[in-house]
1. Can you find a residue in the range 75-95 that is within 20 Å of E136 (Cα to Cα), part of a strand (DSSP E or B) and modelled with pLDDT under 95?
2. When the residues of the range 90-110 are narrowed to those that are touching an Asp or Glu at 6+ places or on another chain (Cβ under 9 Å) and among the hydrophobic types (A, V, I, L, M, F, W, C), which ends up farthest from G130 (Cα to Cα)?
3. What are the residues in the range 113-142 that are hydroxyl-bearing (S, T, Y) and loosely packed, with under 13 Cβ neighbours inside 10 Å, if any?
4. Please go through the range 39-66 and pick out each residue that is part of a strand (DSSP E or B), closer than 15 Å to M113 by Cβ and among the polar types (S, T, N, Q).
Amino acid sequence: MRRATSTAAVLSLVLLACAEPSEQAATDPTDTAWRLESGTLNEGAVPVLETHPITLVFDDDGAGGTSACNHYSAGYSISGGEVSFAQVIQTEMACIPDEVMDSEAAFLAALSMVETFAATDNSLTLSGDGVELIFEVDEEAA
């Protein structure tokens, strides 16, 4: 019985070693430029407009990017799988059509509600009560 158990354990390790590697979860989203692909805020969609991207970059001074129309910046804190943004400031341009300003307002409201993150090499999901923002690597910024 002991030999069968040992053989099964070795066989399992061999099969795992031969398996294709899975995408590893990254623990630090701060070394990548991100672009919003989709989002929800209180069960409604955060409008994402191809012509007016929403981006996110982390650096030593804070987080920021474009929020559809304007540029924004914020302080941030990351610990484990938790993240929070504080003191969001932005430029104050008005953009047309109105959908651009709607996209920006929804994104900034959602950003203030974020509590957790999950990151892989290719995606970043920011979540909180009633909010989910899904980013992909911003190839244009890379």
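The values are calculated or read from the model by the stated rules, or taken from the named source; none is laboratory data. All figures in this text were calculated on a predicted structure; none of them were measured in a lab. Counting neighbours? That spans all protein chains shown, and the Cβs are built from the backbone with ideal geometry, glycine included.
1. Just the residues of the range 75-95 that are within 20 Å of E136 (Cα to Cα), to begin with: 76, 78, 81-85.
Right, trim to part of a strand (DSSP E or B) and you get 76, 78, 82-85.
If we keep only those that are modelled with pLDDT under 95 too, we end up with 78.
Yes.
2. So the first thing to find is which residues in the range 90-110 are touching an Asp or Glu at 6+ places or on another chain (Cβ under 9 Å), and the list is 90, 95, 110.
Okay, now just the ones that are also among the hydrophobic types (A, V, I, L, M, F, W, C), so 95, 110.
Details: C95: 27, A110: 8 Å.
In this case the residue turns out to be C95.
3. Let us first name the residues in the range 113-142 that are hydroxyl-bearing (S, T, Y), namely 116, 120, 123, 125, 127.
Within the range 113-142, no residue meets the criteria.
4. T40
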